[in-house]
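The values are calculated or read from the model by the stated rules, or taken from the named source; none is laboratory data. Because the structure is predicted, anything quoted here is derived from the model rather than measured. Backbone-built Cβ (ideal geometry, glycine too); neighbour counts: all protein chains shown.
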């Protein structure tokens, strides 16, 4: 039987079942030996620098030619509906298995000695991360933001449907938006600072821990700014700009702000 007659036929059809089984086992053993001898070696170690460079170049060119006609096509378009669906399912199953295997593990636990190399490769593949401005530049970032905003205009997110936002959440959102893109220090950070605590103590001691509105002594006292700290930041730590109020009188004041840090009882 010549080569033309053998085309499209299996080993069983050409050599018979017994001889085909023997030849397959021999071929499998030879293939395993060949693979094991090459395992862990680079092309340069196997074929030399010059030949390795030629092989890499030819492989790259052939791969680009094979992939060129597939660009922009789905797996179903490339392989057909049935095979495309099978390939897609196998990809998803493999990806799920990998994700379960590495879930909650560090680079060191997954890759061992090659962890640092993998980390550097990952950083090189994704050099730019962060805000839209950092990734696309200021002008392009504004256009992208506007496009996203217009596409989401009037839509409700699934996690917001049928839910009411609490007053506390509204206050936090409002506060965050007010402070966005500003260099001013956060009010919470100022109130928790040691300088602010010393100012409060000085105001309380000067007023003998007595509310200057109703005259009650001790209890839940608040150090009130006569001139608002938002309008007069230079007077924020001036004792003469402070005034001792009880909780009720502070709430009834025109500012109506009751910082939670001041809700501390003084037993006098």
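Only residues that are at pLDDT 65 or above, closer than 20 Å to residue 236 by Cα and surrounded by fewer than 10 Cβ atoms within 10 Å (Cβ to Cβ) were counted across the range 160-189, and they come to 1. Is there a residue in the range 65-72 that is assigned to a helix (DSSP H, G or I), free of Cβ contacts under 8 Å to residues at least 60 places away in the same chain, under 27 Å from residue 114 (Cβ atoms) and within 43 Å of the chain's Cα centre (by Cα)? No, because not a single residue in the range 65-72 is assigned to a helix (DSSP H, G or I), free of Cβ contacts under 8 Å to residues at least 60 places away in the same chain, under 27 Å from residue 114 (Cβ atoms) and within 43 Å of the chain's Cα centre (by Cα). Per the conditions (1) in a strand (DSSP E or B); (2) modelled with pLDDT under 85, the sole criterion not satisfied by residue 257 is (1).
Residues 98, 203: which one is modelled with pLDDT of 70 or more, on the phi < 0 side of the Ramachandran plot, in contact with a strand residue (DSSP E or B) (Cβ under 6 Å, 6 or more places away or on another chain) and not in a loop (DSSP other than H, G, I, E, B)? Lay out the reasoning, then the answer.
Details: 98 fails: in contact with a strand residue (DSSP E or B) (Cβ under 6 Å, 6 or more places away or on another chain).
Matching residue, one of 98, 203: 203.
State yes or no: is residue 221 assigned to a strand (DSSP E or B) and within 25 Å of residue 175 (Cα to Cα)? Judged against the criteria, residue 221 is a match. Scan the range 56-66 and tell me whether some residue there is surrounded by fewer than 11 Cβ atoms within 10 Å (Cβ to Cβ) and farther than 30 Å from residue 88 by Cβ. So far as the range 56-66 goes, yes, one or more of its residues are surrounded by fewer than 11 Cβ atoms within 10 Å (Cβ to Cβ) and farther than 30 Å from residue 88 by Cβ. For residue 104, indicate whether it is surrounded by 10 or more Cβ atoms within 10 Å (Cβ to Cβ), at positive phi and without any contact (Cβ under 8 Å) to a residue 60 or more places away in the chain. Answer is no for this residue.
Those helices (runs of 4 or more DSSP H) of the range 1-51 in which at least 1 residues are closer than 30 Å to residue 114 by Cα, under 50 Å from the mean Cα position of the chain (by Cα) and at pLDDT 85 or above, considering only elements entirely within it, cover 43-47.
Anything in the range 233-248 that is in contact with a strand residue (DSSP E or B) (Cβ under 8 Å, 6 or more places away or on another chain) and not in a helix (DSSP H, G or I)? List them, or say none. Within the range 233-248, 236, 242, 243, 244, 245, 246 qualify.
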